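In what follows, a structure is listed as structure tokens, so that the remarks can point back to it.
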Amino acid sequence: MSRPGHFLDPYKFQIEEMVKLGCTDEHICRVLEDITGKEVKKRVIANKRMWLRKMENKRKQYEPYKGEIKCMIEYGLTIQNIYAAISEESGIDASIETFKNFLKDNDMLPESKKQETSVKDIFGTIANYMEFHEGWVRTSCRLNRAMSNPNRILMRRYLQQAMKKRKRIRRKMKYISVLPVDGKSSEILSM
């Protein structure tokens, strides 16, 4: 059974960034209290800081394998396969997240993963992204339905012209005179 998540777990990235910037524990506590609305103790931040140092040390264990990792990425292996191979070869007991952070720190992520992590960096969680996306779609749809939307005005004009042209063609094509073989003209209904 897994341990229940700490209310600061979703803010690991923000804590890590504040530690990198050199913020004090007190400052980090105040910022997190403002964000979460809950009391944050300095002891908790000190533990998170220790955890970050430990993870950083584990990331450094991958340094000797940089060349191999680059080759594996060039060959198109997935991050999971590279992680498994390096962990098996070296005996490093770091998590896959630590390995991904190592790749990110050394700018070694494959292109698709770079885009994925940049979205995560901007939005934090998928919930934040979905909230943004839903708001954007709502706003976009509202703007597209507005009568003052220039695209809508152009489309309306285009459709009016197309309808007029279609009516003219139908009138012309309604009755076509055809000369049959016997020489008499007859009118047939077409279309």
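A short reminder: the numbers here are calculations on the coordinates, not readings from a lab. Note that the structure is predicted; figures quoted are calculated from it, not measured. When we count neighbours, we look across all protein chains shown, and the Cβ atoms used for this are built from the backbone with ideal geometry, even at glycine.
Here the Karplus relation 6.51 cos²θ - 1.76 cosθ + 1.60, evaluated at θ = phi - 60°, turns the backbone of the stretch 61-69 into coupling constants of 5, 7, 3, x, 9, 4, x, 4, 4 Hz, with x for every Gly and Pro. When the stretch 9-122 is described by a simple charge dipole with +1 on each Lys and Arg Cβ and -1 on each Asp and Glu Cβ, the residue from SER87, GLN14, MET108 located farthest towards its positive end is GLN14. Of the chymotrypsin sites (Phe, Trp or Tyr not before Pro) found in the stretch 50-99, the ones in coil according to DSSP and having at most 13 other Cβ atoms within 10 Å of their Cβ are TYR75. Among the GluC sites (Glu not before Pro) found in the stretch 1-76, those both in a DSSP coil and sparsely packed, with 16 or fewer other Cβ atoms within 10 Å of their Cβ, are GLU39. On full extension, the segment bounded by SER90 and TRP51 gains 11.9 nm, given 0.36 nm per residue less the C-alpha separation. Taking each of LYS38/LYS58; LYS48/LYS100; LYS41/LYS66 in turn, the alpha-carbon distance tops 29 angstrom for LYS38/LYS58; LYS41/LYS66.
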